[in-house]
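Notes follow once the structure below has been shown.
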Amino acid sequence: MLIRLSFDIFSNMALSGDEIRANRIKKLGLLKDKNINPYPAKADFSVSEIAVVREKFNKLVGKKTGIAGRVMAKRGHGAIMFLDIYDGSGGADGKDDKSSSKLQVLAAEDKLGKEQFQLLSDTIDVGDFAAFSGKPFYTKKKEPTIEAERWQMLSKSLRSLPEKWHGLVDVEERFRKRYLDLLMNEDARKGFELRTNIVKELRSYLDRSGFMEVETPVLQPLYGGALAEPFKTHHRMLDMEMYLRVAPELYLKRLLVAGFPKVYELGKNFRNEGIDMTHNPEFTTVELYAAYWDAELLKQFITASLYRIIKNIFKKTPFQFKGEKINFPKKIPSVEFWNVLERHAGIVGAENMSREDIALRAKQFGINVESHESKEKIANEIFSKICRPKMIQPVFLVNHPLAISPLAKVLHGKPGQVDRFQLIIGGVEMVNGFSELNDPLEQRSRMESQEKIRAAGEKESEPMDEDFIEALEYGMPPAAGLAVSIDRLTMLLGDIHNVKEVILFPTMKPKQ
């Protein structure tokens, strides 16, 4: 649903953007010539939120009432003018539409006075912010309306709002100018209201489950916690390289060492990687850790929490994503990593194949293989590109190769696999978690192996972190941890197919 702009289109349709802006600057000058501040700190009279006025409208009829907001429509001529005023107050809880944030104002010369009415006619444009005070009444068509007795310019806009923003040929302009997208496109607003509700529900569930919300460094002297290439910067005063975090994992584990049994963090992570429909270099996760839990307990916990969120949002568990009906069960099945390659990529016995054979199969799927990449990483690329898109209904991918999971605990009796899981829904990874490695000597050995991989040319590796290993040597309890992608969860529950649609200001290449 779009807000329709109805105004004197004939006066603007032949004008260029520069001409419209110049015309509005002249109107700005007219206000200043009359010693009127076009950008006051607040209205000179009392104003209420439009949603509140609409809710109590019957009781307010005939009583002086003030509102303020953006002019979204302007119509009429002569001594009468109708304006639609919008303030966004009705959608604060994510449960209402834009109509509760909009109210009609009748501006008539006989009520405002000739001078003030003329000033309004000469200076007000669609896009301006203004305040109006007068008595509410219902029109013959039962439209709630305020008959203005007083008005004030609050912020003069210099550019014309787009009339049909949603129909732009260059869709990326919506992301570059998100403020206009959100103003004009109600579907975009609803997506972000959904995102807010998801975060509220998840936070509430974690708080009630005894988890403590914490904050850890975003700017770090050494990145870690994920196999990813970081963004690097330089601290001038300390004369040292620093990194934007790729994950909060290693700091949250330090808090387990410190004696906090259940912790979580909602925050931004940054990875110097490609951009596609499900990846943005800056993204949001909820990452949590629980002492004395293992991966199996954590799978049960995240299943229950997501089931509750979906029930609260949709009032039922089935929902649609990319034309598929998704049934979210109370118990999600699991499938092993190597078995998935056989089931969805047709690679029989992949676990026992040589690196060269796995690389050949990857190339047959059109996957580029680098000389430094391990067999396990190549297999994971095949899973990501070929298998995962076919996994529509909720399923846990388990028993990953140790080589691509340097921070996870080894499965008992399976030295080449770890106690890890990924929750896949709609062909997209939503959650990644595992039983945490807390053996400091084993962790050191794995980080040393990762350093060798890095030296061979692998940028996405776990660096040696002596401070973290020292913390482990003081003792970390057995624990399990996971990360939930807020961006992708919003995509899933909103049936949104591009991650840029759920990030307010996504990373974009500047226009030339």
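Remarks
- Residues being modelled with pLDDT of 95 or more, of a type in the set (A, V, I, L, M) and closer than 19 Å to ARG195 by Cα are represented in the range 290-303 by at least one member.
- Single residue of ARG343, ARG308 found to be basic (Lys, Arg), touching a residue at least 40 places away in the same chain (Cβ under 8 Å) and more than 21 Å from LEU194 (Cβ to Cβ): ARG343
So that you can scan it fast, the table gives a plain yes or no per residue for (1) of a type in the set (D, E, K, R); (2) touching a residue at least 12 places away in the same chain (Cβ under 8 Å):
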{"site": "THR65", "(1), (2)": "no, yes"}
{"site": "ARG70", "(1), (2)": "yes, yes"}
{"site": "SER89", "(1), (2)": "no, yes"}
{"site": "LEU103", "(1), (2)": "no, yes"}
{"site": "ASP110", "(1), (2)": "yes, yes"}
{"site": "GLN118", "(1), (2)": "no, no"}
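- Residues that are of a type in the set (Val, Ile, Thr) and assigned to a loop (DSSP other than H, G, I, E, B) do not occur anywhere in the range 482-491.
- GLN422, sole failed condition from (1) of a type in the set (S, T, N, Q); (2) closer than 24 Å to PRO217 by Cα; (3) not in a loop (DSSP other than H, G, I, E, B): (2)
- So GLU193, is it in contact with a strand residue (DSSP E or B) (Cβ under 7 Å, 6 or more places away or on another chain) and either outside any loop (DSSP other than H, G, I, E, B) or not small (Gly, Ala, Ser) (or both): no
- Cβ-Cβ contacts under 8 Å between residues 6 or more apart (or on different chains), taken from a first residue in the range 457-479 that is in contact (Cβ under 8 Å) with a residue 60 or more places away in the chain to a second residue that is of a type in the set (Ser, Thr, Tyr), are listed as GLY457/SER371; PRO463/TYR223; PRO477/TYR292; PRO478/TYR292; PRO478/SER435; ALA479/TYR289; ALA479/TYR292; ALA479/SER435.
- Per-region count, the range 126-150, residues outside any strand (DSSP E or B) and within 21 Å of GLY88 (Cβ to Cβ): 4
- When every residue of the range 410-433 is checked against the conditions, at least one turns out to be touching a His at 6+ places or on another chain (Cβ under 7 Å), free of Cβ contacts under 8 Å to residues at least 60 places away in the same chain and surrounded by 20 or more Cβ atoms within 10 Å (Cβ to Cβ).
- Condition check for LYS459: at pLDDT 95 or above and not hydroxyl-bearing (Ser, Thr, Tyr): no
- Among the residues of the range 185-217, those that are surrounded by fewer than 15 Cβ atoms within 10 Å (Cβ to Cβ) and within 20 Å of the chain's Cα centre (by Cα) comprise ASP187, THR196, LYS200, SER204, GLU213, GLU215.
- Residues that are part of a loop (DSSP other than H, G, I, E, B) and out of contact with any strand residue (DSSP E or B) (no Cβ under 8 Å at 6 or more places or on another chain), drawn from the range 442-481: ALA456, GLY457, GLU458, LYS459, GLU460, SER461, GLU462, PRO463, MET464, ASP465, TYR474, GLY475
- GLU436 at pLDDT below 95, within 30 Å of ARG355 (Cβ to Cβ) and surrounded by 14 or more Cβ atoms within 10 Å (Cβ to Cβ): no
- Residues that are over 19 Å from THR139 (Cα atoms) and touching a strand residue (DSSP E or B) at 6+ places or on another chain (Cβ under 7 Å) within the range 73-93 comprise just one, ASP87.
The values are calculated or read from the model by the stated rules, or taken from the named source; none is laboratory data. Keep in mind the model is a prediction, meaning the values are calculated, not measured. As a convention, Cβ positions derive from the backbone with ideal geometry for all residues, glycine included, and neighbour counts pool all protein chains shown.
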